[in-house]
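The block underneath contains the structure these notes are about, expressed in structure tokens.
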Amino acid sequence: MGLFDNFDPTLAAHDLVQDLKWDPELRRRFQQDEGSVLDRYALRPAEREAIEQRDFRKLYDLGFHPYLGGQLARLIYGNDVDGAIRAVNKLVASLTGKS
Amino acid sequence: MAELVYAAGIPHAPTLVGLFSRAPSEVQKVVRDSCDALVHDLEAARPDVLIVFANDHLTNSRISAYPDFLIGMAAEHSGPHEWFKPWIGCRDYTAKGDTTVAEALFRGMTRRGIRMNAERRNLNFDDNISVPTVLMDLDKRDVRIVPVLQNTTVPPYPDQRRCYAVGQALADFIRDDLPAGLRVGLLGSGGLSHEPGGSRYYFIDEAFDRWFLDLCCSGDHRRLLDELTIERMEAAGSGGTSELLAWVVVMGAIGERPGRSFGYALHKEFRCGIGAVSWAVNDHAAERR
């Protein structure tokens, strides 16, 4: 199955990642109190659960855009040169069921 | 009648900057040789304006309102965007823009039936513009930049035939709308094979990459349009390889003419195949149609 077969442009999680990239203050809040940031978005229960569980496979199955998946992984696991390697490995492990 | 004097395609993987020093010497050599050749040709061509087609990595627009082409009309273009800076690991830059040409492009493409969006603000630049800018020192050169950020990953997006038609309209625009004596360069930024965000994040399709580079150099655009399908690019790396559609726009503008590549590098840690092409564009390129 292709990465975009389930793509659902209506997922609120897409806006979450966009806002986190564009708003440093929101990023700080996300790191300190993730739940309060998630509360701001109309996430479906399964969508929120997938984010909280760092379950990218589930998130993709719901229709999350994979490029934003890579960016969400960096927001969670690290966004500098080495942090990105960690984020990639965590993401791939989740997608392949090896996490 | 302006002159189309330069055309090239270059990858923009952030790892080309951030992980360059950790790459094997033979990989570094391909990167250096490619950039040196593109810069050499750029200096020889002396464009006044460089229109850079590069995909947007969901950096400027929400998925719910995602433009297929977004022209940056600012007088200057600064980057990288703050969130992308540590990821790329590149220096800050401010490149000269060209509001007049950018406005003309927006107007000219609209009149040719090509839907583009345009913004006057400094767009958010990730690796798309930032990596070519720092690798080629575009901000330190006497050339003005007009960035056109392209949708190559939010379905549905323009396929190879549509992007080629955009390039053909771009050539008409350069020929008919821009002032005589203006020297125009085109740069396609993106690719080669990679799958950002996918389970095959470390997958690089060497056979595809070498096939694509050879095809670019051959100038056989019938094959290009028949064979460089979205399905084939997705198979070579979902969501990333289709960045090569930016190169297709450039090839649509220059028409069938040969190009040169400067080696190919596969380095898994780069998470992207590496190779570049410079096309033989002479001063009569804009007159060929």
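The values are calculated or read from the model by the stated rules, or taken from the named source; none is laboratory data. Quick caveat: nothing in here was measured; it's all calculated off a predicted structure. For neighbour counting, all protein chains shown are included, and Cβ atoms are generated from backbone atoms with ideal geometry for every residue, glycine included. Keep in mind that these areas ignore ligands, DNA and RNA; they rest on the heavy atoms of the full protein, side chains included. Shrake-Rupley method; radii C 1.70, N 1.55, O 1.52, S 1.80 Å.
For the range B:256-280, a residue qualifies if it is within 17 Å of the chain's Cα centre (by Cα) and farther than 23 Å from B:GLY185 by Cα, and the qualifying residues are B:CYS272, B:GLY273. For the range A:14-27, does any single residue satisfy the condition of being farther than 21 Å from B:SER64 by Cα, touching a Leu at 6+ places or on another chain (Cβ under 6 Å), in a helix (DSSP H, G or I) and open to solvent by less than 50 Å² (accessible area, probe 1.4 Å)? Within the range A:14-27, one or more residues are farther than 21 Å from B:SER64 by Cα, touching a Leu at 6+ places or on another chain (Cβ under 6 Å), in a helix (DSSP H, G or I) and open to solvent by less than 50 Å² (accessible area, probe 1.4 Å). Could you please let me know if B:ILE71 is within 14 Å of chain A (Cβ to nearest Cβ), open to solvent by less than 10 Å² (accessible area, probe 1.4 Å) and closer than 24 Å to B:ASN122 by Cα? Judged against the criteria, B:ILE71 is not a match. Taken together, the residues in the range A:40-71 that are in contact (Cβ under 8 Å) with a residue 40 or more places away in the chain, touching a Gly at 6+ places or on another chain (Cβ under 9 Å) and not in a loop (DSSP other than H, G, I, E, B) amount to 6.
In the set (1) at positive phi; (2) over 18 Å from the mean Cα position of the chain (by Cα); (3) among the small types (Gly, Ala, Ser), the condition left unmet by B:SER218 is number (1).
Among the residues of the range B:188-210, is there at least one that is open to solvent by 60 Å² or more (accessible area, probe 1.4 Å), farther than 30 Å from A:LEU72 by Cβ and away from chain A (no Cβ under 14 Å)? Checked against the condition, which is being open to solvent by 60 Å² or more (accessible area, probe 1.4 Å), farther than 30 Å from A:LEU72 by Cβ and away from chain A (no Cβ under 14 Å), the range B:188-210 yields at least one hit. Could you please find all residues in the range B:20-49 being open to solvent by less than 100 Å² (accessible area, probe 1.4 Å) and not in a helix (DSSP H, G or I)? If the condition is that a residue be open to solvent by less than 100 Å² (accessible area, probe 1.4 Å) and not in a helix (DSSP H, G or I), then B:ALA23, B:PRO24, B:PRO47, B:ASP48, B:VAL49 are the ones that fit.
The single condition among (1) open to solvent by less than 10 Å² (accessible area, probe 1.4 Å); (2) out of contact with any helix residue (DSSP H, G or I) (no Cβ under 6 Å at 6 or more places or on another chain); (3) away from chain A (no Cβ under 13 Å) that B:ASP220 does not meet is (1). Among the candidates B:ASP142, B:ASP98, B:ASP137, the residue that is modelled with pLDDT of 95 or more, farther than 30 Å from A:GLY70 by Cβ and under 18 Å from the mean Cα position of the chain (by Cα) is uniquely B:ASP98. Within the range A:72-90, the set of residues being more than 7 Å from chain B (Cβ to nearest Cβ), assigned to a helix (DSSP H, G or I) and not charged (D, E, K, R) comprises A:LEU72, A:ALA73, A:LEU75, A:ILE76, A:TYR77, A:GLY83, A:ILE85, A:ALA87, A:ASN89. Listed by first and then second residue, the pairs with beta-carbon distance under 8 Å, at least 6 apart or on different chains, first residue in the range B:64-89 and in contact (Cβ under 8 Å) with a residue 12 or more places away in the chain, second among the aromatic types (Phe, Trp, Tyr) and assigned to a helix (DSSP H, G or I), are B:ILE71/B:PHE106; B:MET73/B:PHE106.
Does B:VAL249 qualify as being among the β-branched types (Val, Ile, Thr) and either open to solvent by less than 10 Å² (accessible area, probe 1.4 Å) or assigned to a strand (DSSP E or B) (or both)? Spelling it out, B:VAL249 is indeed among the β-branched types (Val, Ile, Thr) and either open to solvent by less than 10 Å² (accessible area, probe 1.4 Å) or assigned to a strand (DSSP E or B) (or both).
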